[in-house]
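As structure tokens, the structure follows; a few thoughts come after it.
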Amino acid sequence: MDPRQAYSELLRRVRESALLESCANLLGWDERTYMPHLGSAHRAEQMALLARLGHEMLTAPIIGELLATVEASPLVGDADSDAAANVREIRRNYNRAVKLPKELVEELARVTTRAQQVWQEARQANNFAAFGPWLEKVVALVRQKAQAIGYPNVPYDALLDEYEPGATTAEITTLFAALRAELVPLISAIIASGRKPHRDWLQGAYPIEQQQRFGREAAAAIGFNFDAGRLDVTTHPFCSGIGPGDCRITTRYYPHHFSESFFGILHEAGHGIYEQGLPAEHFGTPLGTAASLGLHESQSRLWENQVGRSRPFWEYFFPRAQQAFPAALGAVRLDDFLFAVNDVQPSFIRVEADEATYNMHIILRFELEQALVNGDLKPADVPGAWNEKFQQLFNLTPPTDTQGCLQDIHWSMGGLGYFPTYTLGNLYAAQFMEQARRDLPGLEDEFRAGRFQGLKGWLNDKIHRVGQRYRAGDLCQRVTGRPLSHQPLMAYLRGKYESLYGI
Ligand code: ZN
């Protein structure tokens, strides 16, 4: 076959499977927002069918033949061309998919479905003994998966690569070690300062209707396009990019809590702005797809934290928040509010952690996961290992496994290798923001005036429109002129906390 013809046939097939996947995404969104609960068994069948059809389409031998034809042609000669980037990533997905034996894929799906149910009950009952045997099954299967896929150095590389294409365990180990070495003394200095903000104001009267209005206003202001998206309510917030012109974000509201839904909305809107900024003409191909989970997370955390917890942002939004929530915030000073939303407080639960200690939660999981995958740590010994490491890193011991090793869903889903992407997101966010400040002088004055289009446009150009043309690490090098480093995040955290805590 002519290589050009092979390439367009390859794209046609890949796009078709992406269309099918977007149907599954829409069903998944519906399942977590509006579906009546008795519909879940039927929905599971619909989802399983779509997943099977999609897998068959992507692993069909013809895909391998088309790839081989294009790879042997001059079409991919220029590494920066559209074709080279598309073929590189289609090849990566194809290899990962065909290397996994069908029986292993099915066994993983079966075991993790059950393991998630057991985990949920075990977490509620603080009963690790019930979950332990299932964790053992999951880890055994995940280790088989790593062997089947293959890896450059250690088995964990194969798992990491699923979420962060091209990243290696060795690189992340170095990066996290450098971060930890500077973060630990910063957190200690904050604690030793003895300063603590009043946080009661964040738990006053926050009528849900007002929260909805205020959250929507902020999401729209930072650039989430409501003509091409929706904001709905769910139990566990998420963002789902259905396709061009349709991105769904979700949140949850508590009538007496401000932070959870507001910062949650900024976070999901950040993911949504990335999805909305992907080039529509490349939908369904790597060039129309987000670069990695770490990069995705950088976009959510950039808006949630770098922008959304900054003084200029609140100089604009705080008077509006006072109007929306007069009973809770009417008498509060901006400075006190800012301190409250930037409080650093070591705690047991990752998802409740502040910007500084959050990364320590990730470092702990990253180390334990590697030990599980290498076989150095037996699943049955996880609670002890968790608590010991928690004591080392936080100087605290979780009182229960529910507040310790049972808190996250990831392992029950077989998602070992996922956690590092959260801290990578924080690191990328800080490095991009540092560069944006250089490229866009006066950015903070814009924020003070409630204008965020400058930053959003910069992100659209530098990151969103690029899709998967470059791997996340290469993209970072291109955008910021250097490889990903812990320094921008540390400089940002120091700058913020030195003034808040007088350290
Ligand atoms: Zn996120």
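Just so you know, all these numbers are worked out from the coordinates, no wet-lab data involved. Since the structure is predicted, the reported quantities are computational estimates derived from the model, not experimental observations. Every residue, glycine among them, receives a Cβ derived from its backbone with ideal geometry; neighbour counts consider all protein chains shown.
With R₀ fixed at 30 Å, the C-beta to C-beta distance from GLU281 to ARG437 puts the FRET efficiency at about 0.45. Checking the cross-link pairs LYS196/LYS456; LYS99/LYS462; LYS196/LYS496; LYS196/LYS389; LYS145/LYS378; LYS137/LYS378 against a 23 Å limit on the alpha carbon distance flags LYS196/LYS456; LYS99/LYS462; LYS196/LYS389 as lying beyond it. Remark: region 330-343, residue by residue, has Karplus-estimated 3J(HN,Hα) of x, 9, 8, 8, 3, 4, 5, 5, 4, 4, 4, 7, 10, 4 Hz, where x stands for each Gly or Pro and the curve is 6.51 cos²θ - 1.76 cosθ + 1.60 at θ = phi - 60°. Between ARG213 and ALA177, the contour length at 0.36 nm per residue exceeds the Cα-Cα span by 8.7 nm. Using +1 at the Cβ of each Lys and Arg and -1 at the Cβ of each Asp and Glu in region 327-399, identify which of ASN387, ILE362, PRO346 lies farthest towards the dipole's positive end. Towards the positive end, the residue furthest out is ASN387. For the chain, leaving out every one of the trypsin sites (Lys or Arg not before Pro) that falls in a DSSP loop and has at most 15 other Cβ atoms within 10 Å, the longest unbroken run is 1-194.
Considering only TYR156, GLN144, ALA130, the residue lying farthest towards the positive end of the dipole of region 116-236 is ALA130, judged by Cα position with unit charges set on Cβ. Residue separation of GLN124 and ALA327 scaled by 0.36 nm, minus their Cα-Cα distance, works out to 69.6 nm of gained length. For region 291-346 versus region 86-125, the spacing of their alpha-carbon centroids is 36 Å.
When only the Cβ of Lys, Arg, Asp and Glu is charged (+1, +1, -1, -1), the dipole of region 234-325 relative to its Cα centre reaches about 280 debye. Rounded to whole Å, give me the distance from the Cα center of region 437-503 to that of region 190-259. About 22 Å separates the Cα centre of region 437-503 from the one of region 190-259. Put a plus charge on the Cβ of each Lys and Arg, a minus charge on the Cβ of each Asp and Glu, and nothing anywhere else: the dipole of region 266-409 about its Cα centre is then about 260 debye.
Simple rule: put +1 on each Lys or Arg Cβ and -1 on each Asp or Glu Cβ in region 2-118, find the dipole, and look at GLN117, ALA68, GLN46; the Cα lying farthest toward the positive end is GLN117. Charge dipole (Cα centre; +1 on Lys/Arg Cβ, -1 on Asp/Glu Cβ; no other charges) of the chain amounts to roughly 340 debye. Seen through its C-alpha gyration tensor, with square-root eigenvalues sorted a ≥ b ≥ c, region 257-368 comes out oblate because a/c lies at 1.5 or above while a/b is not bigger than b/c. Here the Karplus curve 6.51 cos²θ - 1.76 cosθ + 1.60, taken at θ = phi - 60°, turns the phi angles of region 350-360 into couplings of 4, 5, 9, 6, 6, 4, 7, 6, 3, 5, 5 Hz, with x standing for Gly and Pro. Remark: relative contact order (the chain) = 20 percent; criterion is Cα-Cα distance under 8 angstrom and separation of 6 or more residues.
Between amide H atoms placed 1.01 Å from N, distances below 5 Å from ARG199 occur with no residue 5 or more places distant or on a separate chain.
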